[in-house]
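Reading through the structure tokens given below for one structure.
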Amino acid sequence: MHAAVVAVILHRMTPMNFNSHKAPVLFIADLHLDPARPEAIRSFLGFVAGPARTASALFILGDLFEAWIGDDARPEDEPVAPALAALAAAGTDVFLMHGNRDFLIGEAFTSAAGATLLEEPTRIEVDNEPVLLEHGDALCTDDETYQAFRRQVRDPAWQAEFLALTPEARLEQARGARIQSGSDTAGKADAIMDVNSQAVQQRLASWQAKRLIHGHTHRPGRHALTVAATPCERIVLGDWFEQASVLRVDEGRYQLESTPLVPSSA
């Protein structure tokens, strides 16, 4: 049996079904939280202490942090995990997915945050309709150089070797990787770094879903498409660089929203 079919069956055995007519369901991605951008951190903390408290669930679909070099390197005063734990304690289910910047988030962090770490992709149901969730970088199949890098860093053996280094050595490697990534990105065409339409269609067909929600590309929008004669939709989440971007599902309506970041002087 094909692996994708097996995955679909397993997810159907224990479906997560959310009723947006009872309480909103929220989706965010690509916050890239970093001490160098305190306005983003301040905006996120305000979001989880305020609007997110009205939701039944909050899904963070990758790149919560700009960089994550291991749970053991988390600063003691890092405010994100306690804020998420408080949100979970208040009754909002918190779900987290790895991104291309924070794929080393592990059990220690998710436990401290009161969050559930999701496999990628994950199929849920919203208002009894199947919705597929993923970060989005795996769909950028035209970028062969990046896909090779992704396979390397997602390999358990590579991760174990990296995590065996000292936090200082890991940080130095991460800095070098970010510089190299910026250089590589500058020389690539925009189309190469976007999702591949065929990969999107294959993903929806394999998981028997009509809606896909992802981030990664920083190109928020809603895109209609047809898969096997079935109308489908791809929703791209926005980032948190110039605004706080949220997809809100409320009473069956999907709405991409954005609000200004809280300035440092606030």
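At a glance:
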item	result
Filtered residue count, the stretch 35-78, keeping only those that are of a type outside the set (A, V, I, L, M, F, W, C) and within 16 Å of the chain's Cα centre (by Cα)	3
Of all residues making up the stretch 142-158, the number that are of a type in the set (Ser, Thr, Tyr) and either crowded, with 17+ Cβ neighbours inside 10 Å or farther than 21 Å from Asp30 by Cβ (or both)	1
Residue match in the stretch 60-78 (condition: modelled with pLDDT of 95 or more and small (Gly, Ala, Ser))	yes
Flag if Gln201 is surrounded by 15 or more Cβ atoms within 10 Å (Cβ to Cβ), closer than 28 Å to Ser20 by Cβ, among the polar types (S, T, N, Q) and at pLDDT 90 or above	yes
In the stretch 39-73, residue farthest from Ile124 (Cα to Cα) [restricted to those that are aromatic (Phe, Trp, Tyr) and assigned to a strand (DSSP E or B)]	Phe65
Single match in Ala83, Ala36, Ala88 (criterion: in a loop (DSSP other than H, G, I, E, B) and aliphatic (A, V, I, L, M))	Ala36
Matching residues in the stretch 209-266 - criterion: being more than 22 Å from Asp127 (Cα to Cα) and charged (D, E, K, R)	Arg219, Asp239, Glu242
Filtered residues of the stretch 42-74 (kept if closer than 27 Å to Arg170 by Cα, touching a strand residue (DSSP E or B) at 6+ places or on another chain (Cβ under 8 Å), surrounded by fewer than 23 Cβ atoms within 10 Å (Cβ to Cβ) and of a type in the set (A, V, I, L, M, F, W, C))	Phe65
Pairs where the first residue, in the stretch 158-179, is under 13 Å from Phe103 (Cβ atoms) and the second is of a type in the set (D, E, K, R) and in a helix (DSSP H, G or I), C-beta under 7 Å, 6+ apart	Phe162/Arg170
Unmet requirement for Val131, which otherwise passes all of (1) out of contact with any Leu (no Cβ under 6 Å at 6 or more places or on another chain); (2) more than 19 Å from Val200 (Cβ to Cβ)	(2)
Output for the stretch 89-98, where each listed residue is of a type in the set (A, V, I, L, M, F, W, C), over 16 Å from Pro121 (Cα atoms) and surrounded by 19 or more Cβ atoms within 10 Å (Cβ to Cβ)	Val94
Odd one out for Gly136 among (1) of a type in the set (Gly, Ala, Ser); (2) without any contact (Cβ under 8 Å) to a residue 60 or more places away in the chain; (3) surrounded by 16 or more Cβ atoms within 10 Å (Cβ to Cβ)	(2)
Qualifying residue in the stretch 164-174 (condition: in contact with a helix residue (DSSP H, G or I) (Cβ under 7 Å, 6 or more places away or on another chain), closer than 26 Å to Cys232 by Cα and of a type in the set (Lys, Arg))	no
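This table checks each residue for (1) free of Cβ contacts under 8 Å to residues at least 40 places away in the same chain; (2) within 18 Å of Gly62 (Cα to Cα); (3) touching a Lys or Arg at 6+ places or on another chain (Cβ under 9 Å); (4) of a type in the set (A, V, I, L, M, F, W, C).
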position	(1), (2), (3), (4)
Gln201	yes, no, no, no
Ala209	no, no, yes, yes
Glu233	yes, no, yes, no
Leu237	no, yes, no, yes
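A quick yes/no check of all residues on (1) within 17 Å of His32 (Cβ to Cβ); (2) touching a Cys at 6+ places or on another chain (Cβ under 7 Å); (3) crowded, with 19+ Cβ neighbours inside 10 Å; (4) modelled with pLDDT of 95 or more:
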site: Ala205; (1), (2), (3), (4): no, no, no, yes
site: Lys210; (1), (2), (3), (4): no, yes, no, yes
site: Ile213; (1), (2), (3), (4): no, no, yes, yes
site: Gly221; (1), (2), (3), (4): no, no, no, yes
site: Thr226; (1), (2), (3), (4): no, yes, no, yes
site: Ile235; (1), (2), (3), (4): no, no, yes, yes
site: Gly238; (1), (2), (3), (4): yes, no, yes, yes
site: Gln243; (1), (2), (3), (4): yes, no, no, yes
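The values are calculated or read from the model by the stated rules, or taken from the named source; none is laboratory data. As the structure is a computational prediction, the values presented were derived from the model and not from experiment. In this analysis, Cβ positions are derived from the backbone assuming ideal geometry, glycine residues included, and neighbour counts consider all displayed protein chains.
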